[in-house]
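FYI, it's all coordinate maths here, none of it is from the lab. Just so you know, these numbers come straight off a predicted model, no measurement behind them. So basically every Cβ, Gly included, is an ideal-geometry build from the backbone, and we count neighbours across all protein chains shown.
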């Protein structure tokens, strides 16, 4: 699903940035994907996907031990 229409960023792109590039903050997403740089409407949805992905990533890391 598209999260940022201005930059054409999807939820999958955000998840990939978190998992593969180590993005852990909105600032990181702005830097690597350009999320919320223009109109800003996507910021709350992008943050939600970021937080969900970080939670899942941490849960997966905990279960792997």
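Touching a residue at least 24 places away in the same chain (Cβ under 8 Å) and surrounded by 11 or more Cβ atoms within 10 Å (Cβ to Cβ), is that true of residue 53?
Taking the combined requirement at face value, the residue satisfies it.
Which of the following residues is farther than 16 Å from residue 6 by Cβ and over 11 Å from the mean Cα position of the chain (by Cα): 38, 52, 56, 21?
56
Give 6, 39 a once-over and let me know the one that is surrounded by fewer than 12 Cβ atoms within 10 Å (Cβ to Cβ) and free of Cβ contacts under 8 Å to residues at least 40 places away in the same chain.
None of the other options fit; the residue is 39.
Out of all the residues in the range 10-42, which are farther than 18 Å from residue 57 by Cα, assigned to a helix (DSSP H, G or I) and out of contact with any strand residue (DSSP E or B) (no Cβ under 7 Å at 6 or more places or on another chain)?
Residues satisfying the conditions are 27, 30, 31, 32.
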